[in-house]
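These notes concern the structure reproduced below.
The values are calculated or read from the model by the stated rules, or taken from the named source; none is laboratory data. Source: prediction; values computed, not measured. Counting neighbours? That spans all protein chains shown, and the Cβs are built from the backbone with ideal geometry, glycine included.
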Amino acid sequence: MTQRAFCSVSRIASYDSDATADNLLGGGRNLGVLFSFLGYKFESLIGRFAESRGHGPKGVGKKIAHLRQHDSRSLCQIYVDFASGAPPVLSKVERKKLVRYCRKLIRYSRSKTDTTAIAANNEITELVIYDPLVQWVFLGILPNIEPVIFSLLQYDLVDLRVDPEMDPLLSSSRKALISVIELEIQKLWSSFYVAVSLDGPTALDALENWLALNFFTAFFKLLGNSDMAFLNMRHLAHAMHTFSLFQCDDNASGAIHFRSSSQT
């Protein structure tokens, strides 16, 4: 059989095939597209139902946010309370719940379904940026979940052979891991939130600590790091959202006071 005849036979066979691949002609392709569409709709329906029942990545994320009172406390209050060890202090039962919920999110992040894994990674990223206590919980339990997977994620973090922007799952995994293990940015922004939230003599100490860290120099330096830039910008977005009004008060300490959106 000549090469031309072979190609002709192969081409005709592909047209008559009932294969469901999207790039092949025939009735099977239409059936495959229909099944893919129905599967996506069914998955979305199950996901919404699970979320309404407190399951799934978003449902578990809401449980963590509720446990940590994210709805009733501003971003600055959360960071100030964490830095000072002030209430609300979690009870023993609440601490166990928090650890259990965090473990659930990690399990969801290892799901074979990409949409579930990406949603879990996004929840982890947002929670650890918003709440330093949650970050420390993840930091404590992540290496104990699966040392091999954790080491592979760390290796992949510096592996430049794969472009994370070409793989949504890889991109979300990297962002979640960076958010958990990156303490330099957390310390930098924590000093900012504390400095702009306190009044009186303690505000001066917090402000001096913030200035000692050379905040703006460190901020722009970290922007040049492609792996850390997104984390820096997330904090900046939170700060801009939280502080809707800026004003200077001539109080006894002479410190600059920012009024958060929750106080206006």
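Name the residues in the range 67-84 that are in a helix (DSSP H, G or I), surrounded by 13 or more Cβ atoms within 10 Å (Cβ to Cβ) and not charged (D, E, K, R), would you?
67, 75, 76, 77, 78, 79, 80, 82, 83
When only residues in the range 85-100 that are in a helix (DSSP H, G or I) and free of Cβ contacts under 8 Å to residues at least 24 places away in the same chain count, which is nearest to residue 190 (Cα to Cα)?
95
I'd like the residue in the range 105-145 that is among the hydroxyl-bearing types (Ser, Thr, Tyr) and touching a residue at least 40 places away in the same chain (Cβ under 8 Å) and, out of all such residues, is nearest to residue 168 (Cα to Cα).
Only one residue tops the list, namely 115.
State whether one or more residues within the range 195-211 are out of contact with any His (no Cβ under 8 Å at 6 or more places or on another chain), at pLDDT 75 or above, surrounded by fewer than 20 Cβ atoms within 10 Å (Cβ to Cβ) and not hydroxyl-bearing (Ser, Thr, Tyr).
There is no residue in the range 195-211 that is out of contact with any His (no Cβ under 8 Å at 6 or more places or on another chain), at pLDDT 75 or above, surrounded by fewer than 20 Cβ atoms within 10 Å (Cβ to Cβ) and not hydroxyl-bearing (Ser, Thr, Tyr).
Please find, among 84, 72, 109, 91, the residue that is of a type in the set (Gly, Ala, Ser) and closer than 26 Å to residue 229 by Cα.
Exactly one of 84, 72, 109, 91 is of a type in the set (Gly, Ala, Ser) and closer than 26 Å to residue 229 by Cα, namely 109.
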